[in-house]
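Below is one structure, written out as structure tokens; comments come after it.
All of the numbers you see were taken from the coordinates with simple rules; none came from a lab. Because the structure is a prediction, the values reported are computed rather than measured. Cβ placement follows ideal geometry from the backbone for every residue including glycine, while neighbour counts extend to all protein chains displayed.
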Amino acid sequence: MEVILKSNIEKLGAKDEVVKVKAGYARNYLLPRGYAAIATPSAIKMHNENLKQRSHKETKIFADAETLASQLGALDIKIGAKASETGKIFGSVNTIQIAEALTKAGYNIDRKSISINEDHIKMLGSYEARVKLHKDISATVKFEVIAE
């Protein structure tokens, strides 16, 4: 039985793929949970048309993400934190402060798409963070933690 996957399923396929599965697996697991739809000729035709229309939008989103990645790569952010005389920060710098600094710089990026290479930033200095802009594109943002 052929089905069109509506979501990524490990060891079976990715979203929007047409895969062949056993009838019982499709009827008892994939279809009731909404993970797949039966691949009838009309459903496949409609699915192909949707993919074609979506590809135009995806190319625009991909191009926008690439330009944003190049802009973020050239950006240098300064984050102020209260610190002792030895350079140790009271508290730590996390993705929330980086997202706020990016918003002040004019880039509205969700904090959940930002990841810091180190576990905790507790010292003054220069660091890097990775910003995931698209499933295939991520940018490295350099930031400096300075004393207030």
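The single condition among (1) within 20 Å of the chain's Cα centre (by Cα); (2) over 30 Å from VAL145 (Cα atoms); (3) in a helix (DSSP H, G or I); (4) polar (S, T, N, Q) that GLN71 does not meet is (2).
When ALA43, ALA65, ALA26 are checked against the criterion of being surrounded by 11 or more Cβ atoms within 10 Å (Cβ to Cβ) and in contact with a Leu (Cβ under 6 Å, 6 or more places away or on another chain), ALA65 stands alone in meeting it.
Restricting to segment 76-98, what's the tally of residues that are surrounded by 15 or more Cβ atoms within 10 Å (Cβ to Cβ) and either closer than 13 Å to LEU133 by Cβ or of a type in the set (Ser, Thr, Tyr) (or both)?
2
The single condition among (1) under 18 Å from SER70 (Cα atoms); (2) within 14 Å of the chain's Cα centre (by Cα); (3) not aromatic (Phe, Trp, Tyr) that ILE98 does not meet is (2).
Scanning segment 62-92 for residues that are closer than 24 Å to THR140 by Cβ, in contact (Cβ under 8 Å) with a residue 12 or more places away in the chain and aliphatic (A, V, I, L, M) gives ALA65, LEU68, ALA69, LEU72, LEU75, ILE77, ILE79, ALA81, ILE89. Of all the residues in segment 74-102, those that are over 11 Å from ILE146 (Cβ atoms), in a strand (DSSP E or B) and of a type outside the set (Ser, Thr, Tyr) number 4.
Of all residues in segment 41-61, none are among the hydrophobic types (A, V, I, L, M, F, W, C), more than 18 Å from the chain's Cα centre (by Cα) and under 29 Å from PHE143 (Cβ atoms).
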